[in-house]
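Each reported figure results from applying straightforward, stated rules to the coordinates on display, with no laboratory input. Just so it is clear, the structure is predicted and the values come from calculations on it, not from any experiment. Every residue, glycine as well, gets a Cβ built from its backbone with ideal geometry; the counts of neighbours run over all protein chains shown.
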């Protein structure tokens with residue numbers, strides 16, 4: 001079965017990705033939903049998910065020095081390129097029990113490369129797997145939702161994103177759903193790349209501001225880099241109609257397809273507070289959102 | 001003092017607050033835009049760029065003449081960035097974390113490291129503000145090395161302001177580590193609150209004092225304020241929703257220029273930040289409730 005994967009990104013944060021995906025989910029009712037903004041996932045706040053499965057995400061390792069086995073040679077400190085090894089000054093020295101220098105690993109700074117582990121002559125460094133977060137498969141009123149929570153200050157967000165997308169694809173195949181709808185993260189780095197590679201179509205949501213335009217062009221360049229078709233919609237367009245027109249022209253020049261504009265509408269926040277999608281409440285933004293969805297669906301091939 | 005301005009949720013107003021805070025100060029100031037994936041502060045501060053340098057990371061290069069295809073490099077690599085086949089190993093530079101493990105593991109001294117550019121640091125001045133930002137090359141995955149390179153410019157000059165990226169994971173950690181104070185900018189909405197709580201978790205894990213700025217403060221509900229109250233997190237500034245600020249922002253004009261009366265409030269904000277960053281305050285646990 002040919003499954004279409006439609007991913008919403010932005011470049012700039014706060015342009016309205018999650019609000020739009022919530023509405024798209026309600027409008028289509030036939031998608032598997034995936035929240036790939038694993039750092040700061042918000043889509044579940046609109047969909048009241050009932051968690052069916054919860055799986056630990058273990059990725060990478062963290063070094064841990066066993067002080068009992070450590071000889072204090074300091075080789076780990078010499079070799080670590082991530083500033084993750086700390087030398088601790090001995091707190092007390094007595095004639096009968098001189099303290100050797102101790103070393104410890106800062107788990108937040110530790111990159112999980114294993115160099116200290118491999119080169120510790122005393123074999124004093126353990127290397128347990130890192131619990132980096134968890135992911136969930138939930139039922140919602142719009143269909144299944146795959147979402148995740150990355151551990152605090154964790155790394156490997158790209159891997160967690162890939163895990164979420166893989167689960168969504170499995171669910172789509174198993175449930176005979178032909179569409180996966182992805183709420184992507186802001187930026188252009190590894191979690192965004194992991195969200196868009198192999199997608200059928202990307203929608204970049206932007207806002208009529210100088211920052212929005214700057215960031216949009218970078219995320220569109222990213223889509224070209226990975227040879228993925230991009231659509232663009234300008235959210236809150238009436239805050240600056242001139243800028244909206246300029247951004248649309250810039251997007252067109254960058255090779256993106258324009259799929260519509262959405263006006264600024266206080267209903268968006270009201271709906272969010274009610275844990276509903278905008279299209280479930282109504283108003284100018286809701287009407288425009290329907291048109292954007294139809295237009296994007298038509299071009300996403 | 002180094003103040004980092006982060007958020008969790010994107011679009012809450014980090015750059016708005018960071019830029020206005022910078023423009024309201026008269027002390028010698030260094031502004032670092034650490035959102036290297038989408039650096040925007042320069043659009044508002046319009047610095048004169050005086051110099052730039054590439055951000056380069058080390059990647060392995062295998063000397064085929066010396067390589068015996070023993071596979072030690074491949075076994076040492078935890079990131080699958082160097083893969084040993086029957087003949088010369090294949091390197092995947094975009095997966096490489098530049099740890100040097102393969103070089104150390106090679107028994108034939110067949111691996112050396114070459115440099116690969118992944119981004120750029122640009123330095124300049126905007127009035128009396130010293131400015132620097134990092135920009136990740138489009139298509140590169142790793143923002144963290146660019147952020148580290150940017151923060152190497154962190155010479156203590158009165159006040160350093162770091163504009164952090166959105167999110168809560170490793171790029172944000174790289175941007176805010178070692179600062180004296182973190183300011184989290186949020187909005188009074190369910191998304192704002194949800195992401196704020198995650199960001200607070202990140203800042204607390206790093207053991208840094210924190211305060212909150214509520215932007216568009218009259219536009220949502222009261223749950224962010226209530227959360228800060230429960231958690232003992234000081235709300236240092238509230239900026240009501242203001243179409244004039246939004247319109248100015250859309251044209252690249254800082255809030256403090258659109259609404260000059262904000263200048264006093266940002267001056268007060270700076271004073272509050274200095275108080276909260278002080279070692280005595282940290283000992284009392286003010287602003288950093290666990």
- More than 18 Å apart: what percent of Cα pairs in the stretch A:64-213 qualify? 70
- Build a GNM of chain B with springs between Cα atoms under 10 Å: which of B:193, B:43, B:85 gets the top mean-square fluctuation? B:85
- Note on the structure: With Cα springs under 10 Å, the Gaussian network model of chain B assigns the largest mean-square fluctuation among B:87, B:223, B:52 to B:87
- Message: Under 8 Å for C-alpha pairs, at least 6 residues apart: give me the relative contact order for chain B, rounded to a whole percent.
- Response: 26
- What average number of partner chain Cβ atoms lie no more than 10 Å from the Cβ of the residues making up A:151-163? 4
- Note on the structure: Helix-only [θ] at 222 nm, the protein assembly as shown, -39500 (n - 2.57) per DSSP H run of 4+, per residue, nearest 500, equals -9500 deg cm²/dmol
- Note on the structure: Expressed as a percent, the portion of alpha-carbon pairs in the stretch B:48-203 spaced more than 28 Å apart is 41
- Message: So if I restrict to the alpha-carbon atoms in chain A, what is the Rg, and what is Dmax, the biggest pairwise distance, in Å?
- Response: 23.8, 81
- Note on the structure: Distance in nm between residue B:68 and residue A:226 label points, each 7 Å along Cα→Cβ, equals 4.1
- Message: Which of rounded, prolate or oblate describes the stretch B:109-183 when judged by the alpha-carbon gyration tensor and an a/c cut-off of 1.5?
- Response: prolate
- Message: Rg over Rh of chain B, using C-alpha atoms and the Kirkwood radius, what does it come to?
- Response: 1.07
- Taking the square root of 5λ for each eigenvalue of the C-alpha gyration tensor of the stretch B:176-290, the equivalent ellipsoid has semi-axes, largest first and in whole angstrom, of 25, 17, 12
- Taking Cα pairs closer than 8 Å and at least 6 residues apart, the relative contact order of the stretch A:184-301 in percent is 22
- Counting pairs of alpha carbon atoms under 8 Å apart in space and at least six apart in sequence, what relative contact order in percent does the stretch B:1-106 give? 18
- Query: Per 5 Å bin from zero, what fraction in whole % of the C-alpha pairs of the stretch A:181-220 is there, up to the bin with the longest pair?
  - Reply: 5, 22, 33, 24, 12, 3
- Message: Eigenvalues of the Cα gyration tensor times 5, then square-rooted: what semi-axes does that give for the stretch B:1-105, in whole angstrom, largest first?
- Response: 45, 15, 12
- Tilt, helix A:241-253 to longest principal axis of chain A (alpha-carbon atoms), in degrees rounded to tens, equals 70
- Note on the structure: The rounded separation in angstrom of the Cα centers of the stretch B:106-141 and the stretch B:47-78 is 13
- Query: Just counting partner chain Cβ atoms within 10 Å, what average do the residues of peptide B:76-85 show around their Cβ?
  - Reply: 2
- Task: Kindly rank B:265-277, A:65-77, A:22-34, A:39-51 from highest to lowest mean number of other beta carbons found within 10 Å of each residue.
- Result: A:22-34, A:39-51, B:265-277, A:65-77
- Message: Suppose we keep just the alpha-carbon trace of the stretch A:1-75; what are its Rg and Dmax in angstrom?
- Response: 20.7, 64
- Label-point separation, residue B:231 to residue A:290 (7 Å along Cα→Cβ), nm: 3.9
- Item | Distance in nm between pseudo-label sites at residue A:238 and residue A:166 (7 Å out along the Cβ direction from Cα) | 4.6
- Task: Classify the stretch A:162-301 as rounded, prolate or oblate, taking a ≥ b ≥ c as the square roots of the eigenvalues of its Cα gyration tensor: rounded when a/c is under 1.5, otherwise prolate if a/b is larger than b/c and oblate if not.
- Result: oblate
- Note on the structure: Across B:189-198, the residue-averaged tally of Cβ atoms belonging to other chains within 10 Å stands at 5
- Name the residue, out of A:252, A:166, A:86, whose mean-square fluctuation peaks in a Gaussian network model built on chain A with Cα pairs under 10 Å. A:86
- How long are the semi-axes of the ellipsoid equivalent to the stretch A:221-297, from square roots of 5 times the Cα gyration tensor eigenvalues, in whole Å, largest first? 25, 15, 10
- Compute log10 of I(q)/I(0) for the protein assembly as shown with the Debye formula, placing one identical point scatterer on every Cα and leaving out solvent, at q = 0.08 Å⁻¹, to two decimals. -0.56
- Query: Between the stretch B:223-259 and the stretch A:147-195, what's the alpha-carbon centroid distance in Å?
  - Reply: 31
